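Enquirer: Structure provided below as structure tokens; questions to follow.
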Amino acid sequence: MKWYFKALNRYTDFSGRSRRREFWLFWLFNVLIFFVITSLGTWFGVETDEVFFYGTLYNFAVLVPSLAVTVRRMHDSNRSGWWILVIILPAFGLFALLYFLLVDGTPGDNYYGPDPKAETNIGSAALPRDEDFWKRDTH
């Protein structure tokens, strides 16, 4: 608990360093407190929306201290606090991938092969393209 309160007391201190113990125990207590809030709410029959509201309220209450202890932890590993913004990349990467998967492909042939929309038969990519092959006599 001492490390949790130490991080809370330094809630606006974005300079200096924080040990791993301070960082991880602060986050552990955050998770435990959130778990207790949601468990007690569920146990006492509180509506799910209300439990979610109280959990979210707690998360917003510790947002600045969480950012501060994370920045100080980055400083402890000799990195700028701006490195915490890398958390944005996975979400951005997911949306970029979804965009690439959802947009229409390049019309016509490209470096990786022919346009699959030009194929009229399902599975024709695995079949021979030689027109004479299909006209051969099978006797």
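Every read-out reported here was derived from the displayed coordinates using simple, explicitly stated rules and does not represent laboratory data. Worth saying up front: this structure is predicted, and the values here are computed from it rather than measured. As a convention, Cβ positions derive from the backbone with ideal geometry for all residues, glycine included, and neighbour counts pool all protein chains shown.
Enquirer: What are the ³J(HN,Hα) couplings of segment 4-21, residue after residue, when phi is run through the Karplus curve with 6.51, -1.76, 1.60 and θ = phi - 60°? Round to Hz, x for glycine and proline.
Expert: Karplus values, whole Hz, x for Gly and Pro: 5, 5, 4, 5, 5, 5, 9, 4, 10, 8, 9, 10, x, 9, 10, 5, 4, 4.
Enquirer: Which order do the peptides 35-44, 67-76 come out in when sorted by mean C-beta neighbours inside 10 angstrom, highest first? Before the final figure, lay out each step's value.
Expert: Values: 35-44: 12.8, 67-76: 20.0.
Per-residue Cβ counts within 10 Å, averaged per peptide and sorted highest first, yield 67-76, 35-44.
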